[in-house]
Every structure is written in structure tokens, then in C-alpha cells.
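Structure, as C-alpha cells:
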Amino acid sequence: MAVYVVALAVHEVMHLVALYALGGQGTLVVHAWRFTFLPITVQSFHAQPAQALAFWPHLIFDFAGPALAALLLGFLTVAVHDPVPRTALAANLLILAFYAVIEPLDVALDAAGAPAHFLLWAEFNYGVPLLILLAASALPAVRLRRAPA
């Protein structure tokens, strides 16, 4: 879970890196994110552009945050050889790939007039990563059961 929090924070910082590379400005903000179907509100950390972005810069901004974070985490994953932490890192790479797909997809679908509101649900944005982390946490146990005695 700690890797997820760090990966998510780096993801948001990388959004700002991309934004500044595009000539824009922005800040990191914490705001309440209310779940759609559950009576839960969580504090969420996000990169916020100072001005609205045009379509292509917005796509780049949304893709680059998780993609650049995945690149950095990928270097660490390659360097780690122990299977348990490597599995945790790989799970977080998969989560960052998930965000690298859904964030620009939301922008593209909105621009096409076909919004997919579920992409913005907190349940989806946190639920899919939670499922990935749960699956990854089960992998070491599965490997141990399959290992010869």
C-alpha cells in the first residue's frame, strides 16, 4: 500500500512536470472526492492546471502524469530482484498504466460527445487499483503453494 501512495503522489507531480513542459502552470491540491455510490468522501491529491487546457495539451497532461511515474517506477522495478517487492512494484506499474489509459480516455470521450462518467467515479478510480493490489498480494501465497517442498 505504501508503494501505491508514493506512486500516486509521483503520478500527480509528473502531471505538473508535463504541464510545465507544455508551457503551462499549475499546483498540487488536496480536495474532497465524494464517492458516487458509497457514503464516503476521501481527501484526494491532484495536479490542477492554472488555466483550462486545449484538447491536445490536456491529453498529453493526462497521459504524461502516470506514464512518467511508471517510467520512474519501472527503473526501480528492474533493479529489485526479490519476488515479493517486485510483485508489489509491478502491481503499481499496472495501476499507473490503468491511469495512463483512463485519464486521457475521459478527455477524448468528452471531446467526442460521448462522456463515460464512470471513469470519474471514485469507486472506479480506487476500486480497480485495489483489485490489482489484492491480486498482487495473493501472488506470493500462490507461488509458495506451488513451490516444491
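The values are calculated or read from the model by the stated rules, or taken from the named source; none is laboratory data. Computed from a predicted model, the values in this text were never measured in an experiment. Using ideal geometry, Cβ is built from the backbone for each residue, glycine included, and neighbour counts are taken over all protein chains shown.
Could you grab me the full set of residues in the stretch 34-57 that are touching a strand residue (DSSP E or B) at 6+ places or on another chain (Cβ under 8 Å) and either touching a residue at least 40 places away in the same chain (Cβ under 8 Å) or polar (S, T, N, Q) (or both)? Working first, answer last.
Taking the stretch 34-57 as the starting set, the residues that turn out to be touching a strand residue (DSSP E or B) at 6+ places or on another chain (Cβ under 8 Å) are 34-35, 40-50.
Arg34, Phe35, Ile40, Thr41, Val42, Gln43, Ser44, Gln48, listed by residue number.
In the stretch 60-104, what residues are touching a residue at least 12 places away in the same chain (Cβ under 8 Å) and among the small types (Gly, Ala, Ser)?
Ala64, Gly65, Ala67, Ala69, Ala70, Gly74, Ala88, Ala90, Ala91, Ala97, Ala100
Which residues, counting only those in the stretch 7-20, are in contact (Cβ under 8 Å) with a residue 12 or more places away in the chain and either among the aliphatic types (A, V, I, L, M) or over 23 Å from Leu94 (Cβ atoms) (or both)?
Scanning the stretch 7-20 gives Ala7, Leu8, Ala9, Val10, Val13, Met14, Leu16, Val17, Ala18, Leu19.
Please count how many residues of the stretch 1-30 are of a type outside the set (A, V, I, L, M), in contact with a strand residue (DSSP E or B) (Cβ under 6 Å, 6 or more places away or on another chain) and loosely packed, with under 13 Cβ neighbours inside 10 Å.
Residues meeting the conditions: 1.
Of the numbered conditions (1) more than 18 Å from the chain's Cα centre (by Cα); (2) modelled with pLDDT of 95 or more; (3) over 19 Å from Pro57 (Cα atoms), Leu109 satisfies every one except a single condition; which is it?
Only one criterion in (1) more than 18 Å from the chain's Cα centre (by Cα); (2) modelled with pLDDT of 95 or more; (3) over 19 Å from Pro57 (Cα atoms) is unmet by Leu109, namely (3).
Just checking, how many residues over the stretch 1-34 are touching a Pro at 6+ places or on another chain (Cβ under 7 Å) and not aromatic (Phe, Trp, Tyr)?
Let us first name the residues in the stretch 1-34 that are touching a Pro at 6+ places or on another chain (Cβ under 7 Å), namely 4, 11, 19, 22, 24, 26.
Subsequent filtering for residues that are not aromatic (Phe, Trp, Tyr) retains 11, 19, 22, 24, 26.
Here the count works out to 5.
Does Asn125 qualify as being touching a strand residue (DSSP E or B) at 6+ places or on another chain (Cβ under 9 Å) and not hydrophobic (A, V, I, L, M, F, W, C)?
Yes; evaluated as a whole, the condition is true for this residue.
Considering every residue within the stretch 91-105, establish whether at least one is surrounded by fewer than 14 Cβ atoms within 10 Å (Cβ to Cβ) and over 21 Å from Ala18 (Cα atoms).
no
Counting only residues that are exposed (fewer than 11 other Cβ atoms within 10 Å of the Cβ), assigned to a strand (DSSP E or B) and not aliphatic (A, V, I, L, M), how many does the stretch 32-57 have?
Residues meeting the conditions: 1.
Please find, within the stretch 129-141, the residue that is surrounded by the fewest Cβ atoms within 10 Å (Cβ to Cβ) out of those that are in contact with a helix residue (DSSP H, G or I) (Cβ under 6 Å, 6 or more places away or on another chain) and over 16 Å from Val42 (Cα atoms). Lay out the reasoning, then the answer.
Start the filter on the stretch 129-141 by keeping residues that are in contact with a helix residue (DSSP H, G or I) (Cβ under 6 Å, 6 or more places away or on another chain), which leaves 129, 132-133, 136, 139-140.
Adding the requirement that they be over 16 Å from Val42 (Cα atoms) leaves 132-133, 136, 139-140.
On the way: Ile132: 19, Leu133: 18, Ala136: 19, Leu139: 15, Pro140: 13.
In this case the residue turns out to be Pro140.
Do we find a residue being closer than 22 Å to Trp121 by Cβ, modelled with pLDDT of 95 or more and charged (D, E, K, R) anywhere in the stretch 59-71?
yes
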